[in-house]
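Below: the structure, in structure tokens.
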Amino acid sequence: MIKSGILLVDKPRGITSRDAVNQVAACFEHSKLKVGHAGTLDPLAHGLLVVCLGSATRLIKYIQDQEKVYEAAVTLGAISDTDDAEGQLTRRANCPQPSKEEVEAALARFEGLIEQVPPQYSALKVAGKRAYQLARKGETVALKPRQVQIKELQLLEYQFPTLQLETTVSKGTYIRALARDLGEKLGTGAFLSDLRRTRIGNFRVEAAIPVAELDFQLTENLANLLLPSLAAVTQLPQLAVQEQELELLSQGQPINSTLAEELPVGEVALTMMSKLVAIGGKENDGSTIIRPVLVLQQTP
């Protein structure tokens, strides 16, 4: 019986992330597993959606915290109230046509740690309401800038008014906002016209199953595509534990393991027979104490 796992899905344009998750849930309906996803894609966007089943849903935040890679198309010469092609467009009259060198110079100014103002049409909460709900009522919301990291930003192709980008970003980065701000920097205005997510951490879209193929697969075949929960936390150091140690962790008690002495301070993936059973936390350098953070499995 399937108890948990991670399924990589290639979401098409035109449907929500929840729509895609519901289709996965329908395939595993008989298992009555809880199903969730890590990292929402707007209906305009397509590509990698990481779907977690069963106890793996408790690891969603660890996946969301990892870096993401996108391929994006940005159209110059117009702005959008949603910062993408789904919004109302306003064309810029007498728009300049930047050279490739000017575009590359502008892109370079966005690399590294930057302050980014989220789009007006975003799911961020303002006074208890979603920003997009207020924006739909015609209200302008003063969203605070947030620090994000754009680790890489590469120009793949440019033929005015469209440029193709590939970018590696931290959690919380809005590619729509990047397109908007690039247009401001170039003096042309710009909006996001296409977006494809190709990677989250070590998960890659090449290994994903297209949503359209879900209905044609037997549950057993899909089960064979499930990745183990341990794949969600490959960024964490690992420590093997014994059955009696897992029992203590399940009771909310710390364990004392000499093997933990060399581990860095922070969270640790605790395994048994190469399977993830818990997340622990080490608080001090040189300590041998590991405290429970999240227990996924009560018994081996």
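Okay, here's what the table says:
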read-out	value
Per-region count, segment 222-240, residues part of a strand (DSSP E or B) and under 9 Å from ILE6 (Cβ atoms)	1
Looking only at segment 245-300, and only at residues there that are in a helix (DSSP H, G or I) and exposed (fewer than 13 other Cβ atoms within 10 Å of the Cβ), the one that is farthest from the chain's Cα centre (by Cα)	THR258
Qualifying residue in segment 46-65 (condition: under 30 Å from PRO98 (Cα atoms) and under 13 Å from the mean Cα position of the chain (by Cα))	yes
First in segment 8-27 and within 9 Å of VAL51 (Cβ to Cβ), second anywhere and aromatic (Phe, Trp, Tyr), Cβ under 6 Å, 6 or more apart	LEU8/PHE203
Test set (1) exposed (fewer than 15 other Cβ atoms within 10 Å of the Cβ); (2) out of contact with any helix residue (DSSP H, G or I) (no Cβ under 8 Å at 6 or more places or on another chain); (3) at pLDDT 95 or above; (4) not β-branched (Val, Ile, Thr) - ALA73 fails condition number	(1)
Some residue of segment 92-107 being in contact with a helix residue (DSSP H, G or I) (Cβ under 6 Å, 6 or more places away or on another chain), closer than 30 Å to ILE209 by Cα and not in a loop (DSSP other than H, G, I, E, B)	no
Residue tally, condition under 13 Å from GLN120 (Cα atoms) and outside any helix (DSSP H, G or I), over segment 174-193	1
Some residue of segment 133-146 being closer than 30 Å to ASN202 by Cβ and modelled with pLDDT of 95 or more	no
Residue in segment 78-105 that is surrounded by the fewest Cβ atoms within 10 Å (Cβ to Cβ), counting only those that are closer than 17 Å to LEU186 by Cβ and among the β-branched types (Val, Ile, Thr)	THR90
Positions within segment 194-221 being surrounded by fewer than 20 Cβ atoms within 10 Å (Cβ to Cβ), in a strand (DSSP E or B) and not basic (Lys, Arg), in sequence order	ASP194, THR198, ILE209, PRO210
Listing of strands (runs of 3 or more DSSP E) fully contained in segment 2-68 that carry 3 or more residues being in contact with a Pro (Cβ under 7 Å, 6 or more places away or on another chain), crowded, with 18+ Cβ neighbours inside 10 Å and modelled with pLDDT under 95	none
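The values are calculated or read from the model by the stated rules, or taken from the named source; none is laboratory data. This structure is a prediction, so every number in the text was calculated from the model and none was measured. Don't worry about glycine lacking a Cβ; one is built from the backbone with ideal geometry, like all the others, and counts go over all protein chains shown.
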